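*Asks:* Dropping a structure here in C-alpha cells format, bear with me for questions.
The values are calculated or read from the model by the stated rules, or taken from the named source; none is laboratory data. Since this is a predicted model, take the numbers as computed values, not measurements. Cβ coordinates were reconstructed from backbone atoms using ideal geometry, including for glycine residues, and neighbour counts include every protein chain displayed. With ligands, DNA and RNA removed, areas are computed over all heavy atoms of the protein, side chains included. Shrake-Rupley method; radii C 1.70, N 1.55, O 1.52, S 1.80 Å.
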Amino acid sequence: MGILTVNKKNFGTLSDGREVSLYTVSNGAMSFSASDYGCTLTSINLPESRNSISNGKTVDVLLGFSTLEGWILDGSCFGTGVGRFANRIGGCSFTLDGKKYQLDDNDFGRTLHGGFDRWEKMLWDSRIVSTENGLGVEFHRTSPDGEQNFPGNVEIFQTYTLSEDNALCIEYRATTDKATPLNVTNHAYFNLKGYNGGSVRDQEMWFDCDHVLEIGDDHIPTGRLIDVTSTAFDFRTPKLLGRDIESVAPGYDHFFCARDYSGDGSLKELCRVKDPKSGRKMTVKTTQPGIQLYTANFINGIRGKNGFVYQDQGAFCLEAQGYPDAPNKPDFPSTILRPGENYHQATKYCFEF
C-alpha cells in the first residue's frame, strides 16, 4: 500500500448558493469518499481482485448516488451521518429529568433518525485531519437547543479516516450544555459484490451476539432481550444472510446486542461479512453496545449510481449505535449526555481483499 492521500473537490451547489465539497481518501489499495453534505459516505472503492491493486481496477461496495442531487432528494439515508438519535423512539416522546419532550412523528407514531429536520440534509463544516487512526476529514457543527425538539446546544464532530491497513474509522465526539439523548451512527448500505451486485442474500455474516432486542409490531423494543439460539438471529456460526431471512420478512431490521458490553470505550469485534465469490471481507469493530442489522428492505425501484435501479435486500446496513428507544427504557444502557461529559464513540470497518 502507498502513502495516504486526500483530495478535495467541489461536489455541487445547494439552492442557497453554498458549495458542497467531496473528499476522497486513498491508501493506494482502497479509498473512500465523503461529503460535507450530511457527513455522507458516498463511495468505498476496493480492488476488483487482489491482482488488480496495481492496475487500479476497483469495485464500489457502497450504494448511493452519482450526484449531489440524489442525496438531496433521497430519504433512505444512503451513507449519511444520523442524529441526534439514530433508530426509533417510541411514542414520539421521552421524559428526561421530569420534563417531557415531544418529538416529530415521521414514522407512523415513532420518531426515526431524529425526525423531519435530519442531520443528513445539513451542510457541515469540514477540514482535512490526521489522527492516530489515519488520514481523513472531520465534520463539525453545533446542533442548537431545540433542534428536532431535543434539548441542549450540542457541539458534534464526526471524523472519517482511512488507515494504511484498510480500516475506515468513524469517530463521534460531542458535548452539550443541557442533558439530552444522543445516539449517532452512519447509515452506509454495503454490498461486497458492488453497489450493482444485486441481492446480498448470498453474503456470509457472523455476529458475536447472544441476544437481539425483542420488538413489537410497531418496531419499538419491548425491553426484553431474546436469546438467539435456534432462531433466525443466530449468526454465531457464519451463515448466508438469506438462509433464514424469510422467517423475518420483509427482512432483518433488528438490534444485535454486544456480548458483555462494558462501556469502557474499547473497540470490540462484533460482526464479520464475507462475499464468498470475490473473497472480499469486512470486519466491524465498535465501542457501541450493539449493531442494527438492516437488509435494505424498502429500497426497491430507487435509481442510484450510474442509473442502476436498486432492489430490496440489495444491501445490508450495520449501524453501530446505542439501544433504540433507550430514553424510554431505563434498563437499557444510557444514551443521555450531560453537561461536563464527553461523548465519544468509534466504529471501524476493516476490509480484506
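*Asks:* Tell me which of these Y252 doesn't satisfy, since it passes every other one: (1) of a type outside the set (G, A, S); (2) touching a Leu at 6+ places or on another chain (Cβ under 9 Å); (3) open to solvent by 70 Å² or more (accessible area, probe 1.4 Å); (4) more than 19 Å from Q288 (Cα to Cα).
*Replies:* Exception for Y252: condition (3).
*Asks:* Inspect all residues belonging to region 195-202 and state whether any of them is open to solvent by less than 10 Å² (accessible area, probe 1.4 Å) and more than 20 Å from D260 (Cβ to Cβ).
*Replies:* Checked against the condition, which is being open to solvent by less than 10 Å² (accessible area, probe 1.4 Å) and more than 20 Å from D260 (Cβ to Cβ), region 195-202 yields at least one hit.
*Asks:* Which of the residues belonging to region 38-64 are under 23 Å from T159 (Cβ atoms) and either over 15 Å from the mean Cα position of the chain (by Cα) or assigned to a loop (DSSP other than H, G, I, E, B) (or both)? Give the steps one after another, and end with the answer.
*Replies:* To start, the set of residues in region 38-64 that are under 23 Å from T159 (Cβ atoms) comprises 38-46, 60-64.
Answer for region 38-64, where residues must be under 23 Å from T159 (Cβ atoms) and either over 15 Å from the mean Cα position of the chain (by Cα) or assigned to a loop (DSSP other than H, G, I, E, B) (or both): G38, C39, N45, L46, D60, V61, L63, G64.
*Asks:* Would you say L225 is closer than 24 Å to S278 by Cβ, part of a strand (DSSP E or B) and either touching a Gly at 6+ places or on another chain (Cβ under 9 Å) or not aromatic (F, W, Y) (or both)?
*Replies:* Considered against the rule, which asks whether it is closer than 24 Å to S278 by Cβ, part of a strand (DSSP E or B) and either touching a Gly at 6+ places or on another chain (Cβ under 9 Å) or not aromatic (F, W, Y) (or both), L225 comes out as no.
*Asks:* Report every pair of residues separated by at least 6 positions or lying on different chains whose Cβ atoms are under 6 Å apart, first residue within region 271-294 and among the small types (G, A, S), second at pLDDT 95 or above and crowded, with 21+ Cβ neighbours inside 10 Å.
*Replies:* G290/F255; G290/F256; G290/C257; G290/A258
*Asks:* For the structure I just gave you, tell me whether S49 is surrounded by fewer than 23 Cβ atoms within 10 Å (Cβ to Cβ) and either touching a His at 6+ places or on another chain (Cβ under 8 Å) or polar (S, T, N, Q) (or both).
*Replies:* The answer is yes for S49.
*Asks:* Within region 66-110, track down each residue that is under 24 Å from E138 (Cβ atoms) and surrounded by 23 or more Cβ atoms within 10 Å (Cβ to Cβ).
*Replies:* W71, C77, F78, G79, T80, G81, V82, G83, R84, F85, A86
*Asks:* With the condition being farther than 23 Å from G322 by Cα and open to solvent by 20 Å² or more (accessible area, probe 1.4 Å), I'd like the strands (runs of 3 or more DSSP E) fully within region 122-188 carrying at least 3 qualifying residues.
*Replies:* 125-131
*Asks:* Within region 189-222, how many residues are part of a strand (DSSP E or B), of a type outside the set (A, V, I, L, M, F, W, C) and in contact (Cβ under 8 Å) with a residue 40 or more places away in the chain?
*Replies:* So the answer is 3.
*Asks:* I want to confirm something. Restricting to region 325-340 and keeping residues that are open to solvent by less than 30 Å² (accessible area, probe 1.4 Å) and part of a loop (DSSP other than H, G, I, E, B), which single residue is nearest to T176 (Cα to Cα)? Break it down stepwise before answering.
*Replies:* We begin by selecting, within region 325-340, every residue open to solvent by less than 30 Å² (accessible area, probe 1.4 Å); these are 325-327, 332, 335, 337.
Going one step further and asking which of them are part of a loop (DSSP other than H, G, I, E, B), we end up with 325, 332, 335.
Working: D325: 20, F332: 21, T335: 13 Å.
Here the residue is T335.
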